[in-house]
Amino acid sequence: GQKTFKLNTGAEIPVVGLGTWQSAPGEVARAVESAIKSGYRHIDCAWMYGNENEVGQGIKASGVPREELFITTKVWGTYHRRVEEGLDSSLKALGLDYVDLLLVHWPVPLIVRGDEKIPLNEDGTRAIDKDWSPELTWKEMEKLPATGKVKAIGVSNWSIPKLERLLKDAKIVPAANQVELHPFLPQHDLVSYCQSKGIMPQAYSPLGSSGGPVLEDEKVKAIAKAHDCDPAQVVISWGVQRGVTVLPKSVTPSRIETNGRLVALTKDEMKSLDELHLQDGKHKRLIKPNWGVDLEFPLW
Ligand code: A2P
């Protein structure tokens, strides 16, 4: 089976999972099926991605028994006051009766206006539910393991200050914190903090999101050449060797297969990837949704 890490619940999580954000409904079922057939046992989903139906079809088509798979989904901002409804909606779309990990997608409760996914204010910022808080959302999340519909609960896009605030009152320590993480944004402090608290750091957009800009970096390419492998394998292996769960997205079967094969990086290679973001102009946060000014910054 695929290499795994242990979560604070005792469950094993496969170190590489297939990302499904921006995977079109018409192509994601085939991507999921080919990932599982090539050895993946971990799929990262979200209600917000709008493709969980097709992801579910891909899971089913793979023929691999449910208990061998690790499936994550996320509750969107409009469901913060009713996380179980958000979960149920994902389970229905996926055709599953439980997920292995349920994350709060962003630490941002949104107002509910019809079935708008992203209700906006007049200035274009997102309409935040100011009478609610991410800490209250977590209280709702903590009720879910008892339902049997989630094996573990966690968060996504939480900064250190936000985690500190959550932990002060939490009955359950989040099993994971999924954030943007790649050599241009290594998040060293956040990764260390999470690891010190038993929270698994998970990397989304590990290749730099659309088009995989991190793969064009000269240092990454040089390391790939030395290992006679693909640049994506270098970047993914760097994450795993730091103890991070990595979630590369692809809808291309050949890339999906390659991304699942890890290489062993040397200490020097790890160090040079750890420090790559320090080069002039390299440091980059690629995912910056316009949450507006009402939030306490830094959000991340
Ligand atoms: P595609 O899905 O068309 O195969 P991230 O995981 O950081 O979000 O990056 C996803 C982007 O990187 C997508 O554009 C994806 O393209 C591309 N990608 C995924 N794997 C590879 C790979 N092994 N080589 C080159 N590009 C890749």
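Within the option set 86, 39, 58, being part of a loop (DSSP other than H, G, I, E, B), more than 13 Å from the chain's Cα centre (by Cα) and in contact (Cβ under 8 Å) with a residue 24 or more places away in the chain holds for one residue only, 39. Of the residues making up region 98-130, those that are within 21 Å of the chain's Cα centre (by Cα) and assigned to a strand (DSSP E or B) are 99, 101, 102, 103, 104, 110. Scanning region 22-50 for residues that are surrounded by fewer than 19 Cβ atoms within 10 Å (Cβ to Cβ) and closer than 20 Å to residue 102 by Cβ yields one hit, 50. Within region 12-37, the only residue that satisfies the criterion of being among the charged types (D, E, K, R), within 14 Å of residue 62 (Cα to Cα) and within 12 Å of the ligand (Cβ to nearest atom) is 30. I need a count of the residues in region 249-291 that are over 17 Å from the mean Cα position of the chain (by Cα), within 9 Å of the ligand (Cβ to nearest atom) and in a loop (DSSP other than H, G, I, E, B). Within region 249-291, residues that are over 17 Å from the mean Cα position of the chain (by Cα), within 9 Å of the ligand (Cβ to nearest atom) and in a loop (DSSP other than H, G, I, E, B) number 1. Output the residue which, of all residues in region 235-283 that are of a type in the set (Asp, Glu) and in contact (Cβ under 8 Å) with a residue 60 or more places away in the chain, is surrounded by the most Cβ atoms within 10 Å (Cβ to Cβ). Taking the candidates together, the pick is 257.
Identify all residues within region 65-78 that are in contact (Cβ under 8 Å) with a residue 24 or more places away in the chain and surrounded by fewer than 16 Cβ atoms within 10 Å (Cβ to Cβ); write none if there are none. Matches in region 65-78: 66, 68. Inspection of region 4-18 finds a residue satisfying the criterion of being hydroxyl-bearing (Ser, Thr, Tyr), in contact with a strand residue (DSSP E or B) (Cβ under 8 Å, 6 or more places away or on another chain) and surrounded by fewer than 19 Cβ atoms within 10 Å (Cβ to Cβ).
Just so you know, all these numbers are worked out from the coordinates, no wet-lab data involved. Keep in mind that this is a model prediction, so the values were computed, not measured. When we count neighbours, we look across all protein chains shown, and the Cβ atoms used for this are built from the backbone with ideal geometry, even at glycine.
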